[in-house]
Amino acid sequence: MNELRELIESEIKRPSVFIDETVLYPEFIPPVIRYRDKQLRQLVELFKPVILKPGSSSVKVLLAGPVGSGKTLTSIVFGREISRVAEGRGIKLRYVHVNCSRSKNLVGIIREAKDSLGLHIPDRGVSSSELLSAFLKLLSRDNTYLILALDEFEYFLNTAPPEDKHAIVRMYDVAQEDVKRVNMIFIVRGSPANVWSKVDSVTGSYLMKNLVSFEPYRASELYTILKDRVDAAFHQGVVGDEVIDYISRMSGYDTGGDGNARKALAVLHAAGKLADKDLAEGRTTRVTIDHVRQVIAQEYPAIVDLLDNLHYLSLHEILVLEAVLRALKDTGLDYVPMSTVEATYNKLCEELGEEPRKHTQLYSYLMDLKQRGIILTRTSLKGRRGRSTYVGFGAAPLEAVLQKLDTMIKQLRVE
Ligand SMILES: Nc1ncnc2c1ncn2[C@@H]1O[C@H](COP(=O)(O)OP(=O)(O)OP(=O)(O)O)[C@@H](O)[C@H]1O
Ligand SMILES: [Mg+2]
């Protein structure tokens, strides 16, 4: 017992490079959001009616942009602030953030919303439309307005039954209520076309008008974002500007990276952990660029094997692989249907002026890539009828491989 207590005591007292590591956690909400003024202003503009004439209309907004571009953060902070402003004016406006990768259908979404609002609605043995109308009744009873943010909405669009989709995107066509209490923020990764193609055309064009786009971050922007966190997370002088600069350039959209703030923060955090270990062993007291390199090397070992494999492939096999990765990147999904891969491949061939191979040939290329362990496949997904093939990729970050593939395609085409 005493030994354990001593262990705990010494661990707590152990010197560390960190003051507060939690500042580097992905879910940490920083006190300032950088470079998202345009998006926040757009949100304010779009949601103004909810404050000025609550209940008069149901505002629906689409947030779209690449991974790690600040969509979730911006939505949460906006929701928090607008609720406060509403409260100051005597309006009960609540913001609820639901992640659709957890709650994939209407019942799941309403269940999460009612729980976070503290509403008691029995949800066993009721249909989704009954649950929805009970939910709307309670909002009305409590005179509450809601901004419901559906994050990673592509999961919902890809898996929810059509009637659930209809109920969510056209709630007040389904529920006849005069006072419209529910407003929506739909958040999707990648291009807004991912939503556009999966909802009816009226909703689609409405959402395109209320689109708030997020661009990938440039290196200089990432620098400031990282610098803010460094100041709060690490002891002074532990992380030099050169380290922040290195990570920013590696991740910056204008410097060859994917502009993903989450990844940049994760690299910084992991490098800090390595430095912390070195500190415990008396080797260094600072985070160095070499720590960053170690993190990258740990993250990428699979890529080495993968790239060795690629040299055996023909141009069209590489184009198929490129199509898989692009489709995954564009949709932000873990697995994409074969039909999406095929469409992306055909588009790619058209861009390059290459004659595309036929469906059966494409299929055998995919099976071959699977055999080599380069891609993953799976037949049918739960909750879907029919047997179709889905393709995924797990070996390395997409962006890094895509860059490599682009160079290989160029080389193969001149040979
Ligand atoms: N402008 C910013 N200022 C400060 N921190 C930011 C900013 N943008 C993003 N971050 C931080 O980067 C991380 C990723 O941001 P966020 O989760 O909002 O990205 P996202 O666009 O929702 O990505 P995904 O599509 O993967 O869900 C978070 O830890 C967030 O706090
Ligand atoms: Mg997000």
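The residue that is surrounded by the fewest Cβ atoms within 10 Å (Cβ to Cβ), among those in the range 210-227 that are within 23 Å of residue 62 (Cβ to Cβ) and of a type in the set (A, V, I, L, M), is 211.
Would you check which residues across the range 41-71 are within 14 Å of ligand 2 (Cβ to nearest atom), part of a helix (DSSP H, G or I) and not basic (Lys, Arg) and list them? Residues satisfying the conditions do not exist here. Please determine whether any residue of the range 31-41 is within 16 Å of residue 153 (Cα to Cα), in contact with a strand residue (DSSP E or B) (Cβ under 7 Å, 6 or more places away or on another chain), at pLDDT 95 or above and within 16 Å of ligand 1 (Cβ to nearest atom). There is no residue in the range 31-41 that is within 16 Å of residue 153 (Cα to Cα), in contact with a strand residue (DSSP E or B) (Cβ under 7 Å, 6 or more places away or on another chain), at pLDDT 95 or above and within 16 Å of ligand 1 (Cβ to nearest atom).
The residues of the range 159-183 that are within 20 Å of residue 48 (Cα to Cα) and either within 16 Å of ligand 2 (Cβ to nearest atom) or in a loop (DSSP other than H, G, I, E, B) (or both), listed by number, are 178, 179, 180, 181. Just checking, does the range 147-158 include any residue being more than 22 Å from the chain's Cα centre (by Cα) and within 23 Å of residue 73 (Cβ to Cβ)? No; the residues of the range 147-158 include none that is more than 22 Å from the chain's Cα centre (by Cα) and within 23 Å of residue 73 (Cβ to Cβ). In the range 178-201, what residues are acidic (Asp, Glu) and either in contact with a Lys or Arg (Cβ under 9 Å, 6 or more places away or on another chain) or closer than 29 Å to residue 69 by Cα (or both)? Passing the criteria: only 200. Residues of the range 132-151 that are surrounded by fewer than 19 Cβ atoms within 10 Å (Cβ to Cβ) and touching a Lys or Arg at 6+ places or on another chain (Cβ under 8 Å): 138, 140, 142, 143, 144. Would you confirm whether or not the range 266-280 contains a residue that is over 25 Å from residue 16 (Cβ atoms) and of a type in the set (Gly, Ala, Ser)? No, the conditions are met nowhere in the range 266-280. Would you be able to say whether some residue in the range 62-83 is at pLDDT below 95 and touching an Asp or Glu at 6+ places or on another chain (Cβ under 6 Å)? No, the conditions are met nowhere in the range 62-83. Restricting attention to the range 81-103, which residues are more than 16 Å from ligand 2 (Cβ to nearest atom) and not hydrophobic (A, V, I, L, M, F, W, C)? Listed by number, the residues that qualify are 81, 83, 84, 87, 88, 89, 90, 92, 94. Going through (1) more than 24 Å from residue 178 (Cα to Cα); (2) touching a helix residue (DSSP H, G or I) at 6+ places or on another chain (Cβ under 7 Å) one by one, residue 131 falls short only on (1).
Residues in the range 195-212 that are over 17 Å from residue 331 (Cβ atoms) and small (Gly, Ala, Ser) were compared, and the one that is farthest from ligand 2 (Cβ to nearest atom) is 201. Filtering 280, 302, 270 for residues that are modelled with pLDDT under 95, buried (at least 17 other Cβ atoms within 10 Å of the Cβ) and aliphatic (A, V, I, L, M) leaves a single hit, 270. Residues in the range 359-378 that are out of contact with any strand residue (DSSP E or B) (no Cβ under 6 Å at 6 or more places or on another chain) and not in a loop (DSSP other than H, G, I, E, B): 359, 360, 361, 362, 363, 364, 365, 366, 367, 368, 369, 371.
Looking only at the range 224-265, residues that are β-branched (Val, Ile, Thr) and under 16 Å from residue 17 (Cβ atoms) come to 6 in all. Of the residues screened, residue 127 is one that is loosely packed, with under 13 Cβ neighbours inside 10 Å and among the hydroxyl-bearing types (Ser, Thr, Tyr). For the range 72-103, name all the residues that are within 16 Å of ligand 1 (Cβ to nearest atom), among the charged types (D, E, K, R) and not in a helix (DSSP H, G or I). Scanning the range 72-103 gives a single hit, 102. Answer yes or no as to whether residue 155 is more than 16 Å from ligand 2 (Cβ to nearest atom), touching a residue at least 24 places away in the same chain (Cβ under 8 Å) and part of a helix (DSSP H, G or I). Here the answer is no, as residue 155 does not meet what is asked.
Of the residues 98, 85, 44, 50, the single one that is closer than 20 Å to residue 188 by Cβ, assigned by TED's automatic domain parsing to the domain that holds residue 174 and β-branched (Val, Ile, Thr) is 98. Of the residues examined, residue 155 is not one that is hydroxyl-bearing (Ser, Thr, Tyr), touching a strand residue (DSSP E or B) at 6+ places or on another chain (Cβ under 9 Å), at pLDDT 90 or above and surrounded by 16 or more Cβ atoms within 10 Å (Cβ to Cβ). Pull up the range 81-105, narrow it to residues that are of a type in the set (Lys, Arg) and out of contact with any strand residue (DSSP E or B) (no Cβ under 8 Å at 6 or more places or on another chain), then point me to the one that is surrounded by the most Cβ atoms within 10 Å (Cβ to Cβ). This residue is 104.
The values are calculated or read from the model by the stated rules, or taken from the named source; none is laboratory data. Bear in mind the structure is a predicted one, so any value in this text is a computation, not a measurement. Backbone-built Cβ (ideal geometry, glycine too); neighbour counts: all protein chains shown.
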